[in-house]
Amino acid sequence: VQLQASGGGVVQTGGSLRLSCVVFGSIFRVYTMKWYRQAPGNQRELVASITGSGITNYSDSVKGRFTIARDNAKNTATLQMNSLKPEDTATYYCKLVSTREDYWGQGTLVTVSS
């Protein structure tokens with residue numbers, strides 16, 4: 001199983017970015033997908049999750065600004081990030097949670113300039 005994350009970049013405060021995570025080699029539709037982020041010197045934190053049935057959950061720090069979604073036909077999970085703040089600067093990772101083990105993507109860097 002491989003996860004390929006993309007979509008990071010540099011954006012100004014208040015801007016938007018859309019991250020994508022494509023999953024290869026797994027029955028994507030049944031598993032929960034999660035987005036984490038890790039800023040330099042900080043622990044990795046859970047940002048958002050979406051179950052196979054589409055139930056979503058968000059951390060308080062991004063609620064109302066970020067939207068997680070999935071397209072089972074394309075084996076892809078996305079994270080739409082709006083109203084970005086400098087504190088959103090981090091490397092973002094996607095993760096697939098299966099019954100046997102978890103799989104991580106390689107991370108994509110998001111930098112929000114003030």
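The values are calculated or read from the model by the stated rules, or taken from the named source; none is laboratory data. Owing to the predicted nature of the structure, the values given are computational and were not obtained by experimental measurement. The protein model used for the area step is the full one, side chains on, heavy atoms only, and it has no ligands, DNA or RNA in it. Shrake-Rupley method; radii C 1.70, N 1.55, O 1.52, S 1.80 Å.
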Report task. Taking all pairs of distinct Cα atoms, average 1/r, flip it, and tell me the Kirkwood hydrodynamic radius of the chain in Å to one decimal place. Result -> 13.9 Å
Report summary line: So, relative contact order of the chain in percent, Cα under 8 Å, 6 or more apart, is 36 percent
Query raised in the report: With θ set to phi - 60° and the Karplus curve 6.51 cos²θ - 1.76 cosθ + 1.60, what are the ³J(HN,Hα) couplings of region 90-99 in order, to the nearest whole Hz, using x for Gly and Pro?
Result: 4, 8, 9, 10, 9, 9, 9, 9, 9, 6
Query raised in the report: Antiparallel DSSP bridges in the chain: what percent, to the nearest 5?
Result: 90 percent
Query - Per-residue SASA entry for Val30, accessible area with 1.4 Å probe, Å² rounded to 10 - result: 80 Å²
Report task. Tally up the carbon and sulfur contribution to the accessible surface of the chain as a whole percent, 1.4 Å probe, everything protein left in place. Result -> 46 percent
**Report entry** If the convex hull is drawn through the Cα atoms of region 27-90, its volume per residue in Å³
**Finding:** 87 Å³
Query raised in the report: Leaving out same-chain residues fewer than 8 places away, which lysines sit with a Cα under 21 Å from that of Lys85?
Result: Lys34, Lys63
Report summary line: A correct Karplus calculation of ³J(HN,Hα) over region 18-28, with 6.51 cos²θ - 1.76 cosθ + 1.60, θ = phi - 60°, whole Hz and x for Gly and Pro, returns 10, 8, 10, 9, 9, 10, 10, x, 9, 6, 4
